[in-house]
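Written below as structure tokens is the structure these notes are about.
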Protein chains: 2
Amino acid sequence: MKLPAIAFTLGLLAASGAFAVEGKWTPEQVLEHDPQWLRKLGLEIPPQKLWTKDGAGLLEAAVRIDGCSAGFISAQGLMITNHHCAFSILQQHSTPERDLITHGFLARTPAEELPGSGVRATLPHRLTDVTREVEAAVPAGADDLARFRAIERKQKEMVAECEKAEHHRCQVAAFDGGLRYVLVDSLELPDVRLVYAPPRAVGDYGGEIDNWSWPRHVGDFALLRVYTGPDGKPAPKGDANVPYRPRHFFPVAPRGIEPDGFVMVAGYPGLTFRSYTEAEMRERAELFYPRRAELYRAWIDLMEAASKRDDAVRIALADRIKGLANNEKNSRGQVAGIRRGKILEKKTASEKEILAWAAKRPEQKEAVAAHDELARLIAERRATWDRDFLLNQMKSGPKPLDLALTLARWAGEKAKPDLERDPDYQERNRERLAERLERDQKRLDPPTEAALLTDVLARFAALPEASRVPAVESLLGGARDRAAIRPRADDLLAHTKVTDLAERKRMFEESEAQLRARHDPLLDLAFALDRELRALKEREDRFLGAVSRLRPRWQRAVIAHAGKPVAPDANGTLRVSFARVRGYAPRDGVWMTPQTTVGGVVEKNTGEEPFAAPAELLAAAPKAPASRWADPKLKDVPVDFLADADTTGGNSGSPVVNGRGELVGVNFDRVWENVANDFGYNPDVARNISVDVRYMLWLMEALHGKAAEPLLREMGITPPKPASAGASSPER
Amino acid sequence: MKLPAIAFTLGLLAASGAFAVEGKWTPEQVLEHDPQWLRKLGLEIPPQKLWTKDGAGLLEAAVRIDGCSAGFISAQGLMITNHHCAFSILQQHSTPERDLITHGFLARTPAEELPGSGVRATLPHRLTDVTREVEAAVPAGADDLARFRAIERKQKEMVAECEKAEHHRCQVAAFDGGLRYVLVDSLELPDVRLVYAPPRAVGDYGGEIDNWSWPRHVGDFALLRVYTGPDGKPAPKGDANVPYRPRHFFPVAPRGIEPDGFVMVAGYPGLTFRSYTEAEMRERAELFYPRRAELYRAWIDLMEAASKRDDAVRIALADRIKGLANNEKNSRGQVAGIRRGKILEKKTASEKEILAWAAKRPEQKEAVAAHDELARLIAERRATWDRDFLLNQMKSGPKPLDLALTLARWAGEKAKPDLERDPDYQERNRERLAERLERDQKRLDPPTEAALLTDVLARFAALPEASRVPAVESLLGGARDRAAIRPRADDLLAHTKVTDLAERKRMFEESEAQLRARHDPLLDLAFALDRELRALKEREDRFLGAVSRLRPRWQRAVIAHAGKPVAPDANGTLRVSFARVRGYAPRDGVWMTPQTTVGGVVEKNTGEEPFAAPAELLAAAPKAPASRWADPKLKDVPVDFLADADTTGGNSGSPVVNGRGELVGVNFDRVWENVANDFGYNPDVARNISVDVRYMLWLMEALHGKAAEPLLREMGITPPKPASAGASSPER
């Protein structure tokens, strides 16, 4: 122990609750915090180094790649992210003969780096508050639907204007339902290359079994490099390109981090719901999540039964099952976590307090009225909740229906001017849509689709009479039970051409009139359901219009009542969370210690997927405790660690840095008990999980030796002094 | 924290390995230890208070009840043990109208206490070293079989002589395979009454699911009282009896125990194998346990499939399944634990060291020879290992075969003079045998028995030709596969009268000739198999004779090499283990904290068995943190705790006492990672589990209020000062 025992003990006490900091702070909010307080937390550099009023600083080094986060770690555009975030590049370059997924990849020289098609690095460039402009776009006297549409249109216009500049990708981000709107203007760099990925047995060690849990022993990291044109500007991939030179990067801290150590997690968290009112949260906790868990479980059971019968089917359905299973487990976790964290009870109590506070302040009258109106709107939505839920979910079930619905919608949307379209169907997404429609061909399994379609139709048939969908009713001809519905589903699938790839490609190019003239029964059903979806969307848009009117009024009261900075809900924009490395108690009698070790990788290894570490790793593991990357207290090389950072989906690949802004790890997951974090921060279990940077360094050195030296040098790591050869005698 | 932080931290360091004390010490060995060392461990009273050379002391207060341990906790013969050890009394007195199993029991006055038929308290009375007498009984020039029989006969004679005194129960206990023989003369007190048992939902909270694991939240305790005749001497149960006045008892320590606190566990551990040589251990680890796990799993699967089809079958088979499952899980645990603790590797290394040490000492030549001869004998046994295993295990499978084998053996044995019989079939056990043969009637399920018998016969049929059993071969008439064997099993069961209770009772009284004259096909098979068992027993007796000759020679070298007291293997005699309250790491990244709480009981509660705590407990739980039994650091009432005591089966119900000899808990289990403890002590995971005495006190007070006061007073607990009524306002 470095510190005297008393200080250490006090440190522990201080860490055990008083410290936990809720909040995914916007970069500007870093400057709103008391610098003394930040210093006390553990920030050793001035807050102005992280961000300035002019919108630049170290936090810029946290970038976005597709749905993930990443961080620059060298002046030459080297970037760290998760293995699972770089997976698509590995997949693109893998062949049966050269299986990079299985064996991993190391570029010994820049020339060997592998370009990733479709992988883009998105760098924050300029943030502009456009709240006034957005609000001004709403015509006087507009109802909530008109309000929604006006705002949406204005956002599209601003994005279109912003994206006129080449290689700019823009977004108008709403904060807390419309309290603020910010135009996020980002640079998009399409030349991103794979530099290093560990073998899958390291990068995905533990696989689905360990997913969302602790203890973890996964090396879920990869290194990428961003390239620009020779002029330093974004450019399509090309041989003349040069490494991007970021203004800032997080230098690697080879000493890593210790329990109780201060860390910051910077990245692009996707979506949270903490500004929801009690009524909205209750709908999620008591209706949405339990129902989604039930629905997905039913579909997974159907798919898994089919997968067991046939290996080809197993492969075809694998990623659909994985996606559903992830959401199903998440839904159950939300229900359990909301209960465990007493999140609804806390929300009820805090709303009560704010309402009582507001009641005494005439200027808050509008806030109280907004709160009550929101609750009333939520209550109204319950009448058609079951049907609306089914309409919203059906695309995740039978794939042919999903394809038909996409085709139907695309035909309708592409006939409109681009700015009037559903954003997912704007011209900028044409290529992505076409790609997906093609890729999905290998995800089809006819018997499973029939079973799934039967399930969906049976659920429609079971709706209360007032909620039934006419198109489905006429298709079913009065059939109510599954046995009677099944032949109808079979018939539908026997006569559709949607499941034929060549036909589908043609359909993608056809107009709505052409598609309708085909009299394809599944397309016909899709057009009818699409009409329902549009009507539903209109109701939802109207509701969202109301939310954009009401939530800001209420949220202003919430912030005024707090009297200090309140972090807005995550919305895909750059955020930073302040945290400490800490274990937690998942239940009475158990304490999760905050670090795992290479010894633990070996202990968990069964030799069977997903616990089949590479032989080279297992051979090197006994020497890990004596390596320069070993932690003196753990007496082994650390692998993963826990901290109480406030993260969510989208934070995958987030750089984790110490108080000096140096890289100590890369975030990749949360613990299972922390899933409901999206609704409220529970300091007892709010733990994110990161790969320790020392595991990366040890692994690259142990597995690749000299071949990894250039890359390690780029990260500031020089080779160790040569050890005296043959010093240890072999054991017998 | 009571201690300054530095001292506390040092204490933790000291506890983290240096302390762990292997050894189930005999009472006399307590006096062989350095008193200074015992003091340093935490023993606050002089060792002579625990035991004296004359064989008396506080440890006497640890007594034996049937297969369990128990401890006196008042001067009036009040005794604490486990709920599961007192279960049979609850069962005897339960009726559908008065379901004591479900609701528990509290005797408000001594008159209400419930006598337990068949429950006997066995108190150590006198221990005499009889090694010389036993060895002298072996005739000069006897071979190993003659040696075994001479020793066995001598033991029986000594037991018979000892038991001539009324209410004495005696045993000649062999220590470390014959290094020492001790005549244990105990008083047997047959009047044992139930004083208190919690509801089953407390006493068996967590049930099979939590069995062998941590964290635990079970109140596995019960209170009994031992009675004697009015003269203070053992007497059959009777109204004139008076409470037994023990010479010593463990007063209750209402302050309980803290992490790092010193505890002693006193009791009657059954059987361990640490003095086994490497060859013997390897046979267990690599052959016996893996095979037993496989065999029992197959039988459990058959029984569980039948149980699912029918509720009556489920009830009939429940305790057979439970027994097999317990052993099956144990077998798997042994295999895993021996691997985890590297117990074989350590044994190999230590034998190597001792052999090298002995090689340099001419006086140890005999020890080395003994070691080598043992290894050779073990190797020889492998030739018939499979058949011998099956013969030894078959009684645990099909119940009709078990009954028939018992009848066949009994008929043969009862014709012999008592002293020449198989000890289990001596006259003193006649009643127990008859009871069991009757009780087993409700454990029969004909279709399951047919399936189990088929399985056993099929396993015999699959033995290598040289190993086959003639009687089974002629029964099967060449059938080898299960389909062909099944009709033979059905036929056997259709024509036997062994499964008829009235017939079986008659059979129990009949001679071998009468039984054979019945030409009952199952009895005929049993007689043939019994002949095999007798031949096997002769081979085993010969082996044990050799062991009694060889192991002491080797063990003397082991002890001389250690140069300090070495605790002998457990053999059902009184032992004490010195320990500390400590958590443990079951795997990398997880730490089991050493205490659980009432809050944890509530957290675990699902309302479904076995996690359905009584409503009164759940209602009282929120007030537990404010009760006088709450632990100041835990801020709640502790429920169970871990310590690194060296325990095994038979230690159930062992009193757990602090350094002053005061009761702080009652031992009831070990953790799963510690199952292989019987072969070697692994300080990292050697943890026993006890109920905290404060849980008992809180529970009795919270659930029974005034009704529990007399009993609590007897334990030295006076009622709390009355709290001001209505002080807290109800929460809304």
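What the table below lists for this structure:
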quantity	calculated
Gain upon complete extension [A:GLU473, A:ALA111; 0.36 nm per residue less C-alpha separation]	124.2 nm
Anisotropy class of segment A:514-600 from Cα gyration tensor, a/c 1.5 cut	oblate
Three-way shape label, segment B:411-508, alpha-carbon gyration tensor, a/c 1.5	oblate
Förster radius 22 Å - calculated FRET efficiency between A:ARG518 and A:ALA462, Cβ distance, rounded to 0.05	0.15
Spherically averaged projected area of segment A:121-188 from its Cα convex hull (nm²)	4.6
Residues with amide H under 5 Å from that of A:ASP631, placed H, sequence gap 5 or more	A:ASP636, A:VAL637
Calculated FRET value between A:ARG297 and A:LEU618, using beta carbons and R₀ = 60 Å, to 0.05	0.95
Separation in nanometres of the label points that stand 7 Å from Cα toward Cβ, at B:SER350 and A:ALA336	4.1
Convex hull volume per residue for segment A:175-235, taking Cα atoms only, in Å³	152
Kirkwood-based shape ratio for chain A, expressed as Rg/Rh from alpha carbons	0.97
Part-to-part distance (alpha-carbon centres) for segment A:424-501 and segment A:217-295, which is given in Å	35
Kyte-Doolittle mean at least -0.5 and Cα axial length at least 18 Å: DSSP H helices in chain B	B:343-359, B:365-381, B:399-414, B:446-461, B:482-495, B:521-562
Distance between segment A:647-674 and segment B:535-569 - C-alpha centres, whole angstrom	59
Rotationally averaged projected area of segment B:555-666 (alpha carbon convex hull; nm²)	11.2
For segment B:278-555, fraction of C-alpha pairs farther apart than 26 Å, in %	52
Centre separation in Å (Cα based) which lies between segment A:388-413 and segment B:53-86	72
All lysines inside 22 Å of A:LYS347 as judged from Cα atoms, apart from same-chain residues fewer than 8 positions distant	A:LYS24, A:LYS360, A:LYS365, A:LYS564
Computed E for B:GLU366/B:LYS53 - FRET, C-beta separation, R0 30 angstrom, nearest 0.05	0.45
Label spacing, shortest first and in nm, from A:ARG108 to its equivalents in the remaining copies (7 angstrom along Cα→Cβ)	8.9
Chain lengthening between A:ILE45 and A:GLU286 when straightened (0.36 nm per residue, less Cα-Cα)	82.3 nm
Label-to-label distance, nm, for residues given as A:ARG556 and B:ARG556 (7 Å Cα→Cβ offset)	9.7
Inter-copy label distances at A:ALA434 (7 Å, Cα→Cβ; nm, one decimal)	9.4
Cβ-vector label at 7 Å, B:LEU501, separations to other copies in nm	7.2
Rg/Rh ratio calculated on Cα atoms of the protein assembly as shown (Kirkwood radius)	1.01
Zone of B:ARG506's modelled label, taken as backbone nitrogen in segment B:513-553 under 17 Å from a point 7 Å along Cα→Cβ	B:513-524
Shape category assigned to segment B:644-689 from the gyration tensor of Cα positions, a/c cut at 1.5	prolate
Cα pair count fraction exceeding 19 Å, expressed as % - segment B:60-141	54
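Since every read-out is calculated from the coordinates, none of them should be taken as a lab result. Predicted model, so just to flag it, every value in this text is computed and none were measured. Heads up, the Cβs are rebuilt from the backbone with ideal geometry, glycines too, and the neighbour counts pull from every protein chain shown.
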